[in-house]
Amino acid sequence: MNVFKNLALLLVVISFSSLKAQDFRAIDSILQLQIQKHNTAGAVGLIIKDGVVLYDKAFGVSNLAQKTPMTPQSIFRIASQTKAIVSVACLQLVERGLIQLDEPIQNYFPAFKNQKVVSGTPEQMVLVPLQRPITIRDLLTHQSGISSSDEYPKYAALFKKFNLDKSLNNNFKTLAIEVEQIAQMPLMHQPGDRFSYGLSTNVIGALIEKVSGLSLEVYLKKNIFDPLQMKDTYFYLPKNKASRLVELYYKSSDTTLATVDPAVFDANYPLQQNSSYFSAIGGLVSTTHDYAKFLSCLLNGGTVKNKKILSKNLIDSLTTNQLGTKTFIFGGFPSLNNFGLGVGLTSNKGQVVNQASVGSYFWGGAFNTAYMVDPTRKLITVFFFQRTPFALSSVLSSLEKATIKILDQK
């Protein structure tokens, strides 16, 4: 018996050693180059394959003034990476039979019954009736017609009129109050007509609060963060973890990174205390390790250590194209890829971006963070920078592409 135990242990050691033998210096170089070019003050990268951590490194500093070294425990504003977590939370309610994907949102927020749709030009705008109600599926796939001034700059004045012109809006006391305002504003198009990125996920967040009877913060902690032991993921950081929050910078010159003027954008929103507003579209902060726990759960069919977060059937729905022949449009540019119930999906055409397998799922955050899960390769990558605007998307894709190239080498 001891012989078999020793042999099994030896095989594990050999397997682990062969995985560790992969040469990830190309990843080091890409991350270090961004610091040398003053594109970022620091960066963290995490690569997991077949459940084994192959790469876990931090570079640079998290705070230039204090010269605080970046570490894998540094906490980042993950912005739109919040959406995948909130989408899974919504699907938990579907699984429990509390809501249905094709149910009208007006069943829960009656103000949406009277919503109108924009037609014509901003100069000669006409409001027309809804052709059909917005559904929960529309919200998860960003086909509701609820969008943002970033996606429709010609209608910026309209978004401003309704106080919906800021992506991480803390002008509302709660999500429910914001959703009442969203229901008053005309839609940018008829539900189901196209993908329009914006505030749809905040309506999902308010729906979770209404159906569960819990704040979004408490619901996520109880149903996702605690079961997955995600101990560093929050809307608002505890005081004893505030020092780990990475500073947010913008590039003010070729060689200078500067902090963002609070009058332009309050980068310290995760440090607020006693707030009752939880931005479902992008309010969470997290670490690469914590976010990888969430992704590992999805890759593992929704169960980790005998704790089921979501059924495999609903994860399959999450990661199945919901747009048909349409694609998602981001910043006015159509993508080569597809979109599921809250995540981007690699298509045949989209493989050119990073060489991920068809059906891989991904997304990023406005402050230059990104995740990618390749189920075929059993691969997870998480790369975090922290700067504004979202100018490093090609760098993030190159990191994923370089990872796949390294791992595919025999």
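The values are calculated or read from the model by the stated rules, or taken from the named source; none is laboratory data. Keep in mind the model is a prediction, meaning the values are calculated, not measured. Cβ atoms come from the backbone with ideal geometry, glycine included; neighbour counts cover every protein chain shown.
A single entry from Ser80, Ser74 fulfils the requirement of being farther than 17 Å from Asp232 by Cβ and either of a type outside the set (S, T, N, Q) or touching a strand residue (DSSP E or B) at 6+ places or on another chain (Cβ under 8 Å) (or both): Ser80. Taking every residue in the stretch 214-236 that is closer than 18 Å to Cys297 by Cα and pairing it with any residue that is surrounded by fewer than 19 Cβ atoms within 10 Å (Cβ to Cβ) and at pLDDT 95 or above, at least 6 positions away or on another chain, the pairs with Cβ-Cβ distances below 6 Å are Tyr219/Ser212.
A single member of Lys241, Lys166 is among the basic types (Lys, Arg) and at pLDDT 95 or above, and it is Lys241. Looking at Val395, Val373, can you tell me which residue is in a strand (DSSP E or B) and in contact with a helix residue (DSSP H, G or I) (Cβ under 8 Å, 6 or more places away or on another chain)? Answer to the selection: Val373. Can you tell me which condition Tyr108 does not meet? The list is (1) at pLDDT below 95; (2) surrounded by fewer than 18 Cβ atoms within 10 Å (Cβ to Cβ); (3) not hydrophobic (A, V, I, L, M, F, W, C), and all the others hold. For Tyr108, the failing item is (1). One residue is enough: does the stretch 2-11 have a residue meeting the conditions surrounded by 12 or more Cβ atoms within 10 Å (Cβ to Cβ), modelled with pLDDT under 95 and either among the hydrophobic types (A, V, I, L, M, F, W, C) or closer than 21 Å to Ala391 by Cβ (or both)? No: zero hits.
Of the numbered criteria (1) touching a residue at least 40 places away in the same chain (Cβ under 8 Å); (2) part of a helix (DSSP H, G or I); (3) buried (at least 18 other Cβ atoms within 10 Å of the Cβ), the one Ile406 fails is (3). Filtering the stretch 265-324 to residues that are surrounded by fewer than 21 Cβ atoms within 10 Å (Cβ to Cβ), of a type in the set (Ser, Thr, Tyr) and closer than 23 Å to Lys210 by Cα leaves Ser275, Ser276, Ser311.
Considered as a group, the residues in the stretch 111-143 that are in a loop (DSSP other than H, G, I, E, B) and of a type in the set (Val, Ile, Thr) include one that is farthest from Arg194 (Cα to Cα), and that residue is Thr121. Taking the criterion of being surrounded by fewer than 23 Cβ atoms within 10 Å (Cβ to Cβ), among the aliphatic types (A, V, I, L, M) and not in a strand (DSSP E or B), the residues of the stretch 32-56 that qualify are Leu33, Ile35.
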